[in-house]
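Novice: Got a structure for you, questions after.
The values are calculated or read from the model by the stated rules, or taken from the named source; none is laboratory data. As the structure is a computational prediction, the values presented were derived from the model and not from experiment. Cβ atoms come from the backbone with ideal geometry, glycine included; neighbour counts cover every protein chain shown.
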Amino acid sequence: MEPDHSEWWTLNEWVMPRRWPLGEAFEEIKQERTLHTPEEVARARRHVQTRAWAKDHLKRVLAEAEQWAQKSDDFLWDLVLPTTVPRRHYVNQLRGCPVHGVAVKDFDTFHPWRLDVEHHPYKLQCPVGGEWYPSNDFASGDLTSGPYPDDGWGCKIGDEVYYFIAEYAEQVYLRHIRHSVASLPEAYLLTGDPLFAHKAAILLCRQAEEYRRLSECLDHRARCDCGYPRRLPRDPLTRPNGNGWVGMVTDRIWENDYVTLFASAYDAIFDALDTDRELFALLRRQGRDIPDGAGLRRFFETHFLRVAAQALLDQAIYGNDGMHQTAMMHVALVLDAERCRELADWAYSGVGQMRAHLPNYFFKDGAAYESLGGYNRIHGEGFWRVVGLMERLRSLRPSLYPASRYPRVTDDPKGRLLFDFPLRILCIDRYSPQVGDTGGIPSARRAGRRWVSDDASASAYDLAFRLYGEPDFARVLYAGTGETIPPPDPFAGEIDDRVRQAIAAHGAEIERRTDLRDGYGIAFLRRGAGRGRRLLNDSQDRSPLPNPGESSGEGDHARALFLWYGECRGHGHDDLLDIGLFARGLSLMQSLGYPRSWHYCLDWEKNWATHYKVGIGGLEGGVRYRGVARLIADLGPVQVVEACGDPYTETTDPHRRYALFNPKSKIQNPKSASPHVYSRTAFLLDLSDEDCCVVDLFRVRGGTEHVWSFHGPPGHTTTEGLTLTPQPGGTAAGPDVGYGEVEKVQEKAYRALCYMDQVSRARPDGPWAADWALGDDPDTHLRVTVLSPPGIEVIAAKGRSVSGGRPYELDWVLARSSLTPHASRLTPHASQFVSLIEPYCGTRAVRSVRSLGIEGPQDAPFPPVALRIEAEGQTHTVLATAAPHALHRITGGTLFQGEYGVIREQGGRVRSMTLVGATYLLVGDLAVEAERGWIEAEIEAVDRGRNEVTVGLPFDALEAGRFVTILNEVRSVAYRIEEVREENGRTILRLDQAPKIGEGLATGFRDGEIETSTLFPLAGISGLRYYHGARLTDATGRHEYRVADLRRPDREAPGYRVYLDPDLHPGLTAAKLRRAFASKKDALFHLWDFGVGDRLRIPVTAVVTFSEQGHEVRANAPVRVSSQKGV
């Protein structure tokens, strides 16, 4: 056995071997199990003997573990492959199989190949033909025989390389090592059977040997290519984290899981090593000089745990946020040495930045910064694992890990939001919204009832309820009936009784309302589902909840719409202002989800054209959009949301990085003045208790061409109002552009059109429609009727994945609005796409839809809209204008002034009139007048600790539950009002979320700039402008500045720099900043969403309902109702 003080050397100035602490002896050795206390182990073993849920858990663990326990010691020894064998994710992502091509991907998009490690070592079986690759017997040293030989560096056939051996080696780790090392140690912990510990120890010894090799020979590290075409031999690795996705055994992301897995396994079997004589006999047979348990422990700690620690420090192992911090904290806790505080410091204050995670790595609403679903889930689950590991370290060595240095995150109320966010985004109690790389191809399958979205697991709420005790967290665990409360970790105590008590006191249903998650950037309109139901009495604590009936959008008649206006830092798509619709118990408007290949994803799954939005061609160089929510209103049967892209360009001046187009117009109407408009408004309207529709209004200005894209779920498609002419060949990109010929398309954004063929085209002269009958449920339909703009070309086509996989073919309709040949290029091209989206079953609830004549000012940026929807028994008229200060006359005599209005008529009489941001609506002899369309006020004071703002508005002008926007010349954010109260004649609003959006340590000062070593990943989200216009204060709050930008000064800079607004803070020298921060080294600063002087804005909304007895008004401002008949 190599002693710990082995000779060190250097390679290209790197100290070798790469083992922490570099170049130093390390004498401490682990003395006891540290991940679980003896009491916890005893509790777990008691649970698996006495509790049904724990018995079931043990049964599942043993089902896996016993498979490996039955294997011979020599088999397990050889199962861990030598790292001299290359590893790689994929055989060939582009071509699949050398014989059957991409047909293999019908079995699995990324890893379709079959393994049989016992009977076919170093072979992969094609799932299509059943043949084995490579043709040579690699295991016996044959590197060349047969038509498909692979010497470990790939099988070369022409210009293609198929990595059979490398994929085999990777999959052995993914499919076998991972499962065996996870199950065997847990089986030992739960049963005490030393056989499980013995088998696990064999795997740990071999893995430590390979890590020792990788600490000495960098060129044997994985260097995963993630499936991209690379030519071999590759250049030797010259640094531990070189050549991109290095990793160790596998790539740098997935390796984190292996570090955590092997460290946990070692801790689990720790007390079984001294007495395992069969293990030491095996080691002697294999020529390893490890005579006893002490020697084995030092060997594993030296060559696995400490090598893993250094690989994490080198960032050769570095994953999605939460992964590398979890791995490092496992190493620190399992090693359990005093010096491991260095590793905890790396996780908390160094690269891992756990100390800054709540303010800097999660949005104000608790969302992480990647795509919804699996990736954001990694962030949240990793965060809480690290928190738990720190608390365990603190309990073992309290003086080493004080809260002042390693804060308790439960002291920060934002921690609760990490559990709250996944609850709030679930739609119709069944579906998670699709944002970015999440989900799969559209499906018409009906999902079952759920209580939490894909951003968290239901079992995670065991911890949530233990920490916070909130009724909603108990509701997730209770899941409607209480029959399936997720069991806790077997090592933890049961909380079933506490859960039932919470349900008995507060009810079992989670309330999900129309909502805005403005940190992440997603809005929800909702009717039915998650509205809350009556409490349970003590005798009903495990009985099914009573069915409250199916009225008002309940049950399968619930509906929801989301509008996404944010931007992901990782795994995002070009999907700004994308929408999704949920109705009839189904998710009816789905994007294509997780890519089937990283080669084509930018051209297909991530492309705007595979979402429900408008693409812009010929956009002026450098114009970008930051999504902002402008308004959202829940008015019962009428719900509306508007979001827009705030246009800007970037400059080279870091203090004036962003050049906005007419920024002050945002205070009034973002559609009115800017030469660039990207705005979407959606109405969710009740047609009956069972039926609904969506009026979708997409306004675009800028560029030379606008293409509206819509695709349906799998099923049969029909069209109306179109005389479609088949295009002879080609694709939606043109008759001369064949399938996949992206190189012929000048506009990269249009490349998705190259994967849509079987094209027909039409030039409609009026409204037209497309209707999809769902394949799995042909009685259920999704229909879209397009009413404007005029003069468009409609393209109908079929789209399918270029990357293979389980076949699908979806029907698209595209509407192209182009600048006419004679139009002036000086006038930005403007389009207004107006459509009606209907989910229906059997017979349509909508009998007809048409545009009414409406007269308004000729210089309005977009024509006004008056849409009349005839449904069974009632009529809805939707009004929308881009010139809200002008009076508009609609056919039939209706007058309207404002932004949005809805009229509902029944039996020839007006039943309700709804105004949103409007001041006047006259229908027949009924008139509704508001003094103003928007309520505005300047913020006079803030109490950031209480989430409160003071404004100079009458107390009765605002009410709890409404959403407000807070803005200045360059920034716009949104909050829900939680409480309104009056003090000393001023109105105080308590907002639903804390306005703190970041914090850091000031490590240096320049004129108008603050340097910081703190990391700000949200500043790295391209296009988000997350900190532009925010406020910065010192720790005391006495000094406040407005932020112009926050970013790394250059790509290689180790830290970030805050640039303060030079127009508001002229002459702000480094000396002044140093005095403001009291010249303290590493002085703390805070970043806030808003401050005094910003403006609060909320639309005036009024709903007036009429009956034989009179009328009723619900409004947030004074409204006058008049009638010639005196109603």
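Matching residues to (1) over 30 Å from Q125 (Cα atoms); (2) more than 37 Å from the chain's Cα centre (by Cα); (3) of a type in the set (F, W, Y); (4) at pLDDT 95 or above:
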residue: M1; (1), (2), (3), (4): yes, yes, no, no
residue: N12; (1), (2), (3), (4): yes, yes, no, no
residue: T50; (1), (2), (3), (4): yes, yes, no, no
residue: L58; (1), (2), (3), (4): yes, no, no, yes
residue: V85; (1), (2), (3), (4): no, no, no, no
residue: R95; (1), (2), (3), (4): no, no, no, no
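Novice: Turning to a different aspect of this structure: Might you check whether a residue that is of a type outside the set (S, T, N, Q) and in contact with a Pro (Cβ under 6 Å, 6 or more places away or on another chain) occurs anywhere in the stretch 1007-1017?
Specialist: Yes, some residue in the stretch 1007-1017 is of a type outside the set (S, T, N, Q) and in contact with a Pro (Cβ under 6 Å, 6 or more places away or on another chain).
Novice: A follow-up question, please. Output yes when any residue across the stretch 1096-1113 is surrounded by 16 or more Cβ atoms within 10 Å (Cβ to Cβ), farther than 22 Å from R932 by Cα and not acidic (D, E), and no when none is.
Specialist: Checked the stretch 1096-1113: at least one residue is surrounded by 16 or more Cβ atoms within 10 Å (Cβ to Cβ), farther than 22 Å from R932 by Cα and not acidic (D, E).
Novice: Out of curiosity, is T827 surrounded by fewer than 22 Cβ atoms within 10 Å (Cβ to Cβ) and at pLDDT 95 or above?
Specialist: no
Novice: When you go through R500, R512 one by one, which is the residue that is part of a loop (DSSP other than H, G, I, E, B), buried (at least 18 other Cβ atoms within 10 Å of the Cβ) and in contact (Cβ under 8 Å) with a residue 40 or more places away in the chain?
Specialist: R512
For every residue, the table says whether it meets (1) out of contact with any His (no Cβ under 7 Å at 6 or more places or on another chain); (2) surrounded by fewer than 23 Cβ atoms within 10 Å (Cβ to Cβ); (3) over 29 Å from E278 (Cα atoms).
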| site | (1), (2), (3) |
| --- | --- |
| D292 | yes, yes, no |
| G295 | yes, yes, no |
| E301 | yes, no, no |
| A308 | yes, no, no |
| M323 | yes, no, yes |
| A332 | yes, no, yes |
| E342 | yes, yes, yes |
| W346 | yes, yes, yes |
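Novice: Answer yes or no: is there a residue in the stretch 988-995 that is touching a residue at least 12 places away in the same chain (Cβ under 8 Å) and more than 20 Å from A1030 (Cα to Cα).
Specialist: yes
Novice: Being modelled with pLDDT under 95, closer than 19 Å to T1033 by Cβ and touching a strand residue (DSSP E or B) at 6+ places or on another chain (Cβ under 9 Å) is the requirement here; does F1085 meet it?
Specialist: Judged against the criteria, F1085 is not a match.
Novice: Looking only at the stretch 259-299, how many residues end up being in a helix (DSSP H, G or I) and either of a type outside the set (S, T, Y) or in contact with a Cys (Cβ under 8 Å, 6 or more places away or on another chain) (or both)?
Specialist: 26
Novice: Continuing with this model, one more query. Going through the stretch 420-440 one residue at a time, which ones are surrounded by 19 or more Cβ atoms within 10 Å (Cβ to Cβ) and either in contact with a Phe, Trp or Tyr (Cβ under 6 Å, 6 or more places away or on another chain) or more than 18 Å from G521 (Cα to Cα) (or both)?
Specialist: Residues satisfying the conditions are C427, I428, D429, R430, Y431, P433, V435, D437, G439.
Novice: Now a separate question. Tally the residues that are of a type in the set (S, T, Y), under 22 Å from R95 (Cα atoms) and in a loop (DSSP other than H, G, I, E, B), restricting the search to the stretch 145-196.
Specialist: 2
Novice: Would it be correct to say that D556 is among the acidic types (D, E) and either modelled with pLDDT under 95 or at positive phi (or both)?
Specialist: So D556 passes the test.
Novice: Quick check on my filter: what residues within the stretch 461-481 are of a type outside the set (S, T, Y), in contact (Cβ under 8 Å) with a residue 40 or more places away in the chain and buried (at least 21 other Cβ atoms within 10 Å of the Cβ)?
Specialist: Listed by number, the residues that qualify are A464, D472, F473, V476.
Novice: Now a separate question. Restricting the stretch 914-938 to residues that are over 35 Å from the mean Cα position of the chain (by Cα) and hydroxyl-bearing (S, T, Y), which is farthest from V951 (Cα to Cα)?
Specialist: Checked the stretch 914-938; the qualifying residue farthest from V951 (Cα to Cα) is Y920.
Novice: Separate question: Scan the stretch 384-402 and give yes if some residue there is of a type in the set (K, R), over 30 Å from K30 (Cα atoms) and touching a helix residue (DSSP H, G or I) at 6+ places or on another chain (Cβ under 8 Å), otherwise no.
Specialist: Checked against the condition, which is being of a type in the set (K, R), over 30 Å from K30 (Cα atoms) and touching a helix residue (DSSP H, G or I) at 6+ places or on another chain (Cβ under 8 Å), the stretch 384-402 yields no hits at all.
Novice: Quick test for you: out of A456, A447, pick the one residue that is outside the structural domain of G352 (by TED's automatic domain parsing) and either in contact with an Asp or Glu (Cβ under 7 Å, 6 or more places away or on another chain) or surrounded by fewer than 17 Cβ atoms within 10 Å (Cβ to Cβ) (or both).
Specialist: None of the other options fit; the residue is A447.
Novice: Okay, next question. Does any residue of the stretch 836-843 turn out to be of a type in the set (D, E) and within 30 Å of S688 (Cβ to Cβ)?
Specialist: Checking the stretch 836-843: at least one residue is of a type in the set (D, E) and within 30 Å of S688 (Cβ to Cβ).
Novice: Among the residues of the stretch 949-962, write down those that are under 29 Å from the mean Cα position of the chain (by Cα) and either over 24 Å from Y1026 (Cα atoms) or modelled with pLDDT of 95 or more (or both).
Specialist: A960, G961, listed by residue number.
Novice: If the Cβ limit is 9 Å and pairs must be 6+ apart or interchain, which residue in the stretch 757-769 that is free of Cβ contacts under 8 Å to residues at least 40 places away in the same chain and over 11 Å from V794 (Cα atoms) pairs with which residue that is of a type in the set (D, E) and assigned to a strand (DSSP E or B)?
Specialist: Going by the 9 Å Cβ cut-off, there are no qualifying pairs.
Novice: With the condition kept exactly as written, say whether any residue in the stretch 970-981 is surrounded by 21 or more Cβ atoms within 10 Å (Cβ to Cβ) and over 25 Å from the mean Cα position of the chain (by Cα).
Specialist: Yes, the conditions are met somewhere in the stretch 970-981.
Novice: A further question follows. Please work out which residue is modelled with the lowest pLDDT, limiting yourself to the stretch 224-275 and to residues that are surrounded by fewer than 21 Cβ atoms within 10 Å (Cβ to Cβ) and of a type in the set (D, E).
Specialist: D235
Novice: Take the residues of the stretch 122-144 that are in contact (Cβ under 8 Å) with a residue 40 or more places away in the chain and in a loop (DSSP other than H, G, I, E, B): which is nearest to A103 (Cα to Cα)?
Specialist: Looking at residues that are in contact (Cβ under 8 Å) with a residue 40 or more places away in the chain and in a loop (DSSP other than H, G, I, E, B), I get K123.
Novice: In addition: Only residues that are surrounded by fewer than 23 Cβ atoms within 10 Å (Cβ to Cβ) and touching an Asp or Glu at 6+ places or on another chain (Cβ under 9 Å): list them for the stretch 704-715, please.
Specialist: Of everything in the stretch 704-715, those that are surrounded by fewer than 23 Cβ atoms within 10 Å (Cβ to Cβ) and touching an Asp or Glu at 6+ places or on another chain (Cβ under 9 Å) turn out to be E705, P714, G715.
Novice: Given the conditions (1) hydroxyl-bearing (S, T, Y); (2) over 27 Å from G873 (Cα atoms); (3) crowded, with 21+ Cβ neighbours inside 10 Å; (4) out of contact with any His (no Cβ under 9 Å at 6 or more places or on another chain), report the number of the one that T919 does not fulfil.
Specialist: Unmet condition: (4).
Novice: Take D956 and decide whether it is farther than 28 Å from R990 by Cα, without any contact (Cβ under 8 Å) to a residue 60 or more places away in the chain and outside any strand (DSSP E or B).
Specialist: no
Novice: Quick check on the stretch 209-223: of everything there that is buried (at least 20 other Cβ atoms within 10 Å of the Cβ) and part of a loop (DSSP other than H, G, I, E, B), which residue is modelled with the lowest pLDDT?
Specialist: Among them, the one singled out is R223.
Novice: Among the residues that make up the stretch 395-409, is at least one of them within 21 Å of A458 (Cα to Cα) and in contact with a Ser or Thr (Cβ under 7 Å, 6 or more places away or on another chain)?
Specialist: Scanning the stretch 395-409, I find no residue that is within 21 Å of A458 (Cα to Cα) and in contact with a Ser or Thr (Cβ under 7 Å, 6 or more places away or on another chain), so the answer is no.
Novice: Exactly one condition in (1) closer than 24 Å to L586 by Cβ; (2) part of a strand (DSSP E or B) is false for E690; which is it?
Specialist: (2)
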